[in-house]
Amino acid sequence: MKINSDDFRVREGDTVELKKWPTRTKPVYKSKDEYHALLADHIERLSALQGMLYADNRYAVLFIFQAMDAAGKDGVVKHVMSGVNPQGCQVFSFKHPSAAELQHDFLWRTSRDLPERGRIGIFNRSYYEEVLILRVHPEILQGEGLSLEAGSGESIWKGRYQSIADLEGHLYRNGTRIVKFFLHLSKEEQRKRFLARIDEPDKNWKFSMADIEERKFWTKYMDAFEKCLSATSTDTSPWYVVPADDKEDARLVVSQIILDTLGGLELQYPKTTAERRKELLEIRNQLAKPEDPPVNPETRKD
């Protein structure tokens with residue numbers, strides 16, 4: 001099965017209803033061996049494109065991952081980006097903001113970690129938490145010291161959507177390409193993964209009672225995601241809704257979208273001028289000449 005990235009893309013202006021988006025589709029792979037072969041091919045191609053991105057040095061690329069707990073964000077990052085040179089890729093996870101971060105606007109702490117030109121940045125959760133978890137738990141806003149201009153009620157969220165769109169538009173105009181992934185997990189599959197985290201001792205550390213508490217707000221989270229995806233998916237900074245009930249399938253879909261994104265940049269290695277080529281040939285001629293053999297201390301004559 002060929003992966004068509006557009007099948008998962010939220011078009012600008014669309015109203016998202018997540019119940020109409022599948023959490024599981026027909027697998028791209030027919031066997032575990034085929035899955036590993038496909039992923040290895042994607043990783044190899046991604047590694048080559050990353051090298052060109054660095055050498056080309058015109059673009060930065062930011063991949064944002066949002067999802068409900070246990071959707072597999074960490075696994076996607078770990079497996080898909082396993083062949084990427086760590087010198088050209090940085091991963092940031094954003095949890096509860098610190099006291100210092102709360103003294104700034106809601107986009108400040110993530111803006112500090114945006115990727116440089118030639119590099120890939122990955123946000124495991126992001127500034128979108130400010131229109132997701134806070135929309136489900138609006139009482140958190142009381143600790144953010146908002147000004148009167150921030151508005152109230154629905155106007156707060158509309159203002160934040162606009163701020164996000166303005167930021168992403170600014171970044172696009174200045175060479176940063178942003179692609180956003182929502183890993184779409186079913187509530188039933190989350191239940192199974194929570195049970196696995198309890199039943200398997202080496203996964204116990206992943207589980208906390210807070211996960212169960214947040215699960216109670218599932219409907220509110222789906223509503224928050226729907227409003228967020230509808231308001232902030234644009235032609236230049238799109239959202240992709242990736243079925244996440246099958247972890248392996250999700251990794252292949254995400255890696256294909258990443259490949260398509262990088263491939264669309266028309267990256268190339270810098271061309272060498274005739275003058276530079278002449279200089280390199282002169283240096284090569286010097287290096288090609290054999291050097292004097294090292295002097296053996298035992299046979300050296302004083």
Inset, instruction - Return the FRET efficiency for the residue pair GLN286, HIS36: r is the Cβ-Cβ distance, R0 is 51 Å, and the value is rounded to the nearest 0.05. - result: 0.60
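Using a/c under 1.5 as the rounded threshold, could you call segment 1-85 rounded, prolate or oblate? The axes a ≥ b ≥ c are square roots of the C-alpha gyration tensor eigenvalues, and prolate needs a/b larger than b/c, oblate otherwise.
Cα axes put segment 1-85 in the oblate bin.
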Inset, instruction - Of all alpha-carbon pairs in segment 94-238, indicate the percentage at a distance above 27 angstrom. - result: 31 percent
Inset, instruction - Just grab the label-to-label distance for GLU154 and ARG276, each label 7 Å out from Cα along the Cβ direction, in nm (one decimal). - result: 5.5 nm
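As a quick test, which of the pairs LYS206/LYS227; LYS73/LYS192; LYS2/LYS26; LYS78/LYS247; LYS26/LYS247 have an alpha carbon distance above 19 angstrom in this structure?
With Cα atoms farther than 19 Å apart: LYS206/LYS227.
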Legend entry - Paramagnetic label zone (point 7 Å from Cα along Cα-to-C-beta, GLU266; backbone N under 16 Å) in segment 46-62: 53, 56-59
Inset, instruction - Over the alpha-carbon set of segment 101-170, divide Rg by the Kirkwood Rh and report the Rg/Rh ratio to two decimals. - result: 0.98
Legend entry - Kirkwood Rh and Cα Rg combined as Rg over Rh, evaluated for segment 59-159: 1.02
Legend entry - Cα pair distances in segment 152-301, grouped into 5 Å bins until the bin that holds the longest one, percent each: 2, 6, 9, 11, 11, 11, 9, 8, 5, 4, 4, 5, 6, 4, 3, 2, 1, 0, 0
Legend entry - Ranked order, MET1, MET81 - accessible area, probe 1.4 Å, largest first: MET1, MET81
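Of the beta bridges DSSP finds with both residues in the chain, what % are antiparallel, to the nearest 5?
For the chain, the DSSP antiparallel bridge percentage is about 10.
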Inset, instruction - Roll a 1.4 Å probe over the protein chains and send me the accessible area per residue for segment 120-241 in Å². - result: 47 Å²
Inset, instruction - Return the whole-Å distance between the Cα centroid of segment 219-297 and the Cα centroid of segment 55-130. - result: 16 Å
Inset, instruction - Kindly provide the GluC sites (Glu not before Pro) of segment 1-72 that DSSP labels as loop, not H, G, I, E or B, and whose Cβ sees at most 12 other Cβ atoms within 10 Å. - result: GLU17
Inset, instruction - For ALA196 paired with ILE212, estimate the spin-label separation in nm (one decimal), with each label point 7 Å from Cα along the Cα-to-Cβ line. - result: 2.0 nm
Inset, instruction - Calculate I(q)/I(0) for the chain by the Debye formula, one identical point scatterer on each C-alpha and no solvent, and give its log10 at q = 0.08, 0.10, 0.14 Å⁻¹ to two decimals. - result: -0.44, -0.63, -1.12
Inset, instruction - Just read off the accessible area of SER186 with the full protein assembly in place, 1.4 Å probe, to the nearest 10 Å². - result: 30 Å²
Legend entry - For segment 267-274, Karplus couplings with θ = phi - 60° (6.51, -1.76, 1.60), whole Hz, Gly/Pro x: 5, 7, 6, x, 7, 8, 6, 4
Legend entry - Percent of Cα-Cα distances greater than 19 Å, calculated over segment 196-283: 70 percent
Legend entry - Of all accessible heavy-atom area on the chain, the percent that carbon and sulfur account for (1.4 Å): 51 percent
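The values are calculated or read from the model by the stated rules, or taken from the named source; none is laboratory data. Predicted model only: the values in this text are computed from it and were never measured. FYI the Cβ positions are ideal-geometry reconstructions off the backbone, even for glycines, and counts take in every protein chain you see. SASA here: full protein model, heavy atoms, side chains in, ligands and nucleic acids out. Shrake-Rupley method; radii C 1.70, N 1.55, O 1.52, S 1.80 Å.
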